[in-house]
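See structure below.
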Amino acid sequence: MILSVLRNFTASQLAARSGDTERFLACHRELAGRSQNPRGKVLGLVGLGRIGGLVARKARLGLGMEVVYFDKVRVEGGEERERELGVRWGGGGGLRGVLEEADVVSLHCDLNAGTKGLIDRERIGWMKNGVRVVNVARGGVVVEGDLVDALQSGKVSAAALDVHEFEPRVDERLVGMENVTLTTHVGGGVVETRVGFERLAMENILAVVGEDGQVIGEPLTAVNGREVREVLQGRASD
């Protein structure tokens, strides 16, 4: 999706699929003046969890981008982990500093009370003119009406959305924009991911519960691990 917003893949695909030779040729000519190479561009990540970290490595090593990130807490491992990922902590300037610096803003944060509507008119205003915006987090992180306004004004030059504020309904204004890539919340929708979910669930169970139902360890990935342990320990003592 990062490549799509930089290289205008949606407009190119629509022109190619139209069957109109004049439209094909016009798009071929015009997109060269609007598309950009990712190399040397600044990718601003909002959220640097597991997925954000993978995106950072691919963007740096595969696309030659400079990566800066903001998260509510600095990545575990601090500067050493940041060097490993090839990212810079933008926390000194806060979210605003990252948004002001980025050529492409990519969202990878959870949806909660603190992030709902995070990317709104005010914060879009902090971004560079002509910025590209990618949302593969949750639809509610972006106020889509404000994003539409920014796309129409040219403040945001392109966007790619795998998730949508009122999913499964997609804003009709976005549907009609050739500079917007839209997908159906399929970022993790592959066979390998589904198999991985099932395997990880089983590994979590085996890590916590012994053959006789006793607590033998801690969950591997539970976000509410403490609560899970309290419940299991309570049952084990009954």
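The values are calculated or read from the model by the stated rules, or taken from the named source; none is laboratory data. Note that this is a predicted model, so its numbers are computed, not measured. Heads up, the Cβs are rebuilt from the backbone with ideal geometry, glycines too, and the neighbour counts pull from every protein chain shown.
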Looking at the range 144-166, I want the residues that are closer than 17 Å to residue 117 by Cβ and have a partner that is of a type in the set (Lys, Arg) with Cβ atoms under 6 Å, at least 6 apart or on another chain. Which pairs are those? 146/121; 148/173; 163/138
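Take the range 102-144 and flag every residue that is basic (Lys, Arg) and within 16 Å of residue 188 (Cα to Cα). Can you show your working first?
As a first pass, look at the range 102-144 and keep what is basic (Lys, Arg): 116, 121, 123, 128, 132, 138.
Within the range 102-144, 138 is the sole residue that qualifies.
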When the range 93-124 is examined, which residues are found to be of a type in the set (Gly, Ala, Ser), touching a residue at least 60 places away in the same chain (Cβ under 8 Å) and not in a strand (DSSP E or B)? 102
I'm trying to understand the selection: among the residues of the range 14-53, which are among the polar types (S, T, N, Q) and either touching a residue at least 60 places away in the same chain (Cβ under 8 Å) or part of a loop (DSSP other than H, G, I, E, B) (or both)? 18, 35, 36, 37
Residue 151 - would you say it is in the same structural domain as residue 56 (by TED's automatic domain parsing), in a helix (DSSP H, G or I), within 21 Å of residue 3 (Cβ to Cβ) and in contact with a helix residue (DSSP H, G or I) (Cβ under 7 Å, 6 or more places away or on another chain)? no
